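Only one structure is covered here, and it is reproduced in the block below.
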Amino acid sequence: MASFKDLGLSEEILKVLVELGFEKPTDIQAESIPLLLEKNKDLIGLAQTGTGKTAAFGLPLLQRIDPNNKATQALVLAPTRELGQQIAEQLHTFSKYQTKVSVLAVYGGAAIVNQIKALRKPQHVIIATPGRLIDLIKRKAVKLDELQYLVLDEADEMLNMGFKEEIDKILSYTPDDKLTWLFSATMPDEIKRIVRKYMDQPIEVKVNTKNEVNANIEHQYIVVRRRDKEEALLRILDSDPDIRGVVFCRTRLDTQDLAEFLMRRKYRADALHGDMSQAQRDKVMKRFKAKSLQVLIATDVAARGIDVNDLTHVFHFTLPDQNAYYTHRSGRTARAGKKGVSIAFIGSSDQYKIKMLQKKLGIKFEAKEIPSAEDIVAKAVEKWCHEVLETKTKGKLDEQLIEQANMLFGNLSKEELTAKVLLNELQKLNIGSDRDLNDQLKQRGEGGRGSDRDRGRGSRRDGGGGKNKYKGKKKFDRSGRSSKGGKKKNKYPEGFSKDAKNRYKKKKKKA
Ligand code: AMP
């Protein structure tokens, strides 16, 4: 396969790619970049998010900008502000050494005054959501009469979101001789209409269209009763602390309820949905990207365009109604060549939906069970032992300290010592206690398949901490900090961030 150097990119751009650790171009990049750099033609790129398409159009776009011409030369239209921000972030990074090239994102949900101010300076590349752009054009804050390049990113999503008229309007403000580069995961009739109306004999580049679902995703499903879904999720999270993922729910209320359920149990989770303000959503996304959140509970619309590369899992708390949404959702994992797992929680009467997805999307699902209490503890022990074996001690610890520890442990057998250290470790992972570990897991939900005694429902009412099972006992959170459980009456569960508390308060008021 070609290297980035072979594609005709400038030294300034190649330098950034080395710094970013992009070793070789993805398929869409290898195919599109030389065409976009050399040919003065319209282009249709059929590719999904996660295939590297931002760089596929972004790198040639930046290279083609003339920094001495102050006019806006390129416009990138994106369906959501999240995607717009992510494109802008990537273009800022890619143009690090093109110091005279300016890039600006404008989108709804943020103060228009600041955007108007920023637009007073020359902006070579503008990334915009359709509604806000029209607003800015009407206020004469944006001029597109010298536009040379128009990129329509996720064109099918833009139409799904009802931006048909806005796109027509924006295009009417642009010169006829500009180049149009359209990227879309699918080619519904509406896109074909745009192609016919606005594009001139475009070149078509297709990537992975036979099987739209990323082949690096392992698809699994678990048959579970509605009332056991929360517990099933907890157990999967407990079975592997390295899981990072998005849990998809169908409604805003469901995302909020599930996020609160997890936060009460000290999981690093939060919700992302349309009832939240832009500032709240930005805050949650920032925490998720910084890995201070392990799971994000989101609706389909809110999660569109989430660009986080190292997500190991996607959970479908409820399956989506449309097959395309399953593809979009599962595409949040296994990005940039990595592997990922997509797990659907389904009711026993929903198995036909799995069969339909298999057939329609050409994928294979594997049936899985909820991890048992024993599985979770066994996995945690295995992981810990592996980590201990991997630890290099030589040269790091003072010999005297080792001797001192050996002397203090002198009377303990190897078995006793292992048991003590192990218990200590498991407690830190929140799956241990000063009582028997298995008992505690069993007590939490009797296998996730049995009764819902002592599960989410009851605990939700008691304000957190998983009923009173920890009352008066030492309690452990995920970070290994311990506190006296049951004594302190917190108005809000400890896991709640300030932001989540406010949302929680508002919701209560509404109710
Ligand atoms: P996109 O499909 O543009 O949203 O890109 C998905 C992610 O893959 C982005 O976070 C990029 O930073 C990353 N990426 C894009 N191209 C490459 C590449 N050639 N090598 C490694 N990572 C890449």
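The values are calculated or read from the model by the stated rules, or taken from the named source; none is laboratory data. Keep in mind that what you see is a predicted model, and the values were worked out from it rather than measured. For neighbour counting, all protein chains shown are included, and Cβ atoms are generated from backbone atoms with ideal geometry for every residue, glycine included. Just so you know, the surface numbers come from the protein's heavy atoms only, side chains and all, with ligands and any DNA or RNA stripped out. Shrake-Rupley method; radii C 1.70, N 1.55, O 1.52, S 1.80 Å.
Points to keep in mind about this one:
- Any hit, the range 59-68, residues being within 16 Å of the ligand (Cβ to nearest atom) and under 22 Å from the mean Cα position of the chain (by Cα): no
- Filtered by the rule that a residue be part of a helix (DSSP H, G or I), more than 20 Å from Y97 (Cα to Cα) and not acidic (D, E), the range 30-49 gives A30, S32, P34, L35, L36.
- Restricting the range 31-51 to residues that are near the ligand (Cβ under 9 Å from one of its atoms) and under 13 Å from K206 (Cβ atoms), the residue that is modelled with the lowest pLDDT: Q48
- Top-ranked residue in the range 239-264 [being within 20 Å of the chain's Cα centre (by Cα) and of a type in the set (D, E, K, R); ranked as surrounded by the fewest Cβ atoms within 10 Å (Cβ to Cβ)]: D242
- Within the range 299-340, the residues that satisfy the criterion of being hydroxyl-bearing (S, T, Y) and within 16 Å of the ligand (Cβ to nearest atom) are T312, T327, S330, T333.
- Close pairs from the range 327-356: first closer than 23 Å to I243 by Cβ, partner part of a helix (DSSP H, G or I) and hydrophobic (A, V, I, L, M, F, W, C), Cβ under 8 Å, at least 6 apart: T327/L361; R329/A303; R332/A303; I343/I236; A344/I354; F345/A232; F345/L233; I346/I354
- Positions within the range 110-124 being over 13 Å from V142 (Cβ atoms), open to solvent by 50 Å² or more (accessible area, probe 1.4 Å) and not in a helix (DSSP H, G or I), in sequence order: A111
- Every residue from the range 145-162 that is out of contact with any helix residue (DSSP H, G or I) (no Cβ under 7 Å at 6 or more places or on another chain), within 23 Å of L36 (Cβ to Cβ) and part of a loop (DSSP other than H, G, I, E, B): D145, E146, L147, Q148
- Taken together, the residues in the range 163-185 that are outside any helix (DSSP H, G or I) and open to solvent by 50 Å² or more (accessible area, probe 1.4 Å) amount to 3.
- At least 1 residues being open to solvent by 50 Å² or more (accessible area, probe 1.4 Å) and outside the structural domain of E230 (by TED's automatic domain parsing) is the threshold, and among the helices (runs of 4 or more DSSP H) wholly inside the range 319-391 those reaching it are 373-390.
- Among the candidates Q201, Q220, residue that is of a type in the set (S, T, N, Q) and either touching a Phe, Trp or Tyr at 6+ places or on another chain (Cβ under 7 Å) or crowded, with 17+ Cβ neighbours inside 10 Å (or both): Q220
- Residue check: E260 meets all listed conditions (1) within 18 Å of Y326 (Cβ to Cβ); (2) of a type in the set (D, E, K, R); (3) touching a helix residue (DSSP H, G or I) at 6+ places or on another chain (Cβ under 8 Å) but one, namely (1).
- From the list V284, V301, the one residue that fits, being surrounded by 19 or more Cβ atoms within 10 Å (Cβ to Cβ) and of a type in the set (A, V, I, L, M), is V284.
- For the range 265-282, the condition of being of a type in the set (G, A, S), under 15 Å from the mean Cα position of the chain (by Cα) and farther than 29 Å from L159 by Cβ holds for at least one residue.
- Counted residues, the range 1-30 - those being more than 13 Å from G52 (Cα to Cα) and either more than 13 Å from the ligand (Cβ to nearest atom) or of a type in the set (D, E, K, R) (or both): 8
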